[in-house]
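Taken together, the values in this text are just the output of simple stated rules run on the coordinates, not laboratory data. Quick caveat: nothing in here was measured; it's all calculated off a predicted structure. In this analysis, Cβ positions are derived from the backbone assuming ideal geometry, glycine residues included, and neighbour counts consider all displayed protein chains.
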Amino acid sequence: MPWKVRKRACKQKSTGAEGTHAVVKLKRGGGEEQESCHTSETKARAAIRARHANEGALRALVRRVLREGEADVVELGVRLRVADRVAMGDVLTDLRGIVNVITVKQEGAAQAGGGAYRTVNVYVAFEDDADRDVYTLQRDIEALDGVEAATIKNYEGRRWAEVKATYKGGAASKEQK
């Protein structure tokens, strides 16, 4: 944020004391808004330094939280066996409603699967954490109306058959490599 020190008479909000220097926030339209009042220029400049430090600390915290949240997000390739009576859009919507599912994307067109079923491949971005792992997700998908089976095909771009033996469940994908 752009803050400036302005030499002018002001009044401190907390104590009511008279001040000589104000810290103002510059607005986009060119205006200013007084943020605080100080008894010297030195104190006003210190207040601006503190604001910049707080802003930097907040940005660092937000970055860290976002990185931590992203660490457990994995992409799964899943083949679904879906009843013909159910609209694929409804299945995808229900899939997006499962806990820890972030996004769902259908890959290609559905294929006739024999009988009253069809198969379709989807990619599911999923938060793989200690409470909800791949096997839990698979059971939740199979419990959806019209889904007969959900077969995990790949995990983070690697064949599930290769990952399955070392999969610990609920661990970040980096630990599965």
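A few points about this structure:
- Considering (1) more than 42 Å from the chain's Cα centre (by Cα); (2) within 29 Å of Arg59 (Cβ to Cβ), the lone condition that Gly19 does not fulfil carries the number (2).
- Check on Val62, part of a helix (DSSP H, G or I), free of Cβ contacts under 8 Å to residues at least 24 places away in the same chain and not polar (S, T, N, Q): yes
- Residue that is surrounded by the most Cβ atoms within 10 Å (Cβ to Cβ), among those in region 84-93 that are β-branched (Val, Ile, Thr) and in contact (Cβ under 8 Å) with a residue 24 or more places away in the chain: Val91
- Of the residues making up region 16-36, those that are of a type outside the set (S, T, N, Q), under 12 Å from Lys4 (Cα atoms) and in a strand (DSSP E or B) are His21, Ala22, Val23, Val24, Lys25, Leu26, Glu32, Glu33, Glu35.
- Matching residues, region 94-115, being in contact with a Lys or Arg (Cβ under 7 Å, 6 or more places away or on another chain), in a loop (DSSP other than H, G, I, E, B) and loosely packed, with under 12 Cβ neighbours inside 10 Å: Val99
- Here Arg59 fulfils each of the conditions (1) more than 30 Å from Glu162 (Cα to Cα); (2) in contact with a Gly (Cβ under 7 Å, 6 or more places away or on another chain); (3) of a type in the set (Lys, Arg) apart from (2).
- Residues in region 1-15 that are assigned to a loop (DSSP other than H, G, I, E, B) and either surrounded by 13 or more Cβ atoms within 10 Å (Cβ to Cβ) or touching a residue at least 24 places away in the same chain (Cβ under 8 Å) (or both): Met1, Pro2, Gln12, Lys13.
- Take the conditions (1) in contact (Cβ under 8 Å) with a residue 12 or more places away in the chain; (2) closer than 24 Å to Ala161 by Cβ; Ala116 misses just one of them, which is (2).
- Across region 119-146, the qualifying residues are those that are β-branched (Val, Ile, Thr) and in contact (Cβ under 8 Å) with a residue 24 or more places away in the chain, and the one among them that is surrounded by the fewest Cβ atoms within 10 Å (Cβ to Cβ) is Thr119.
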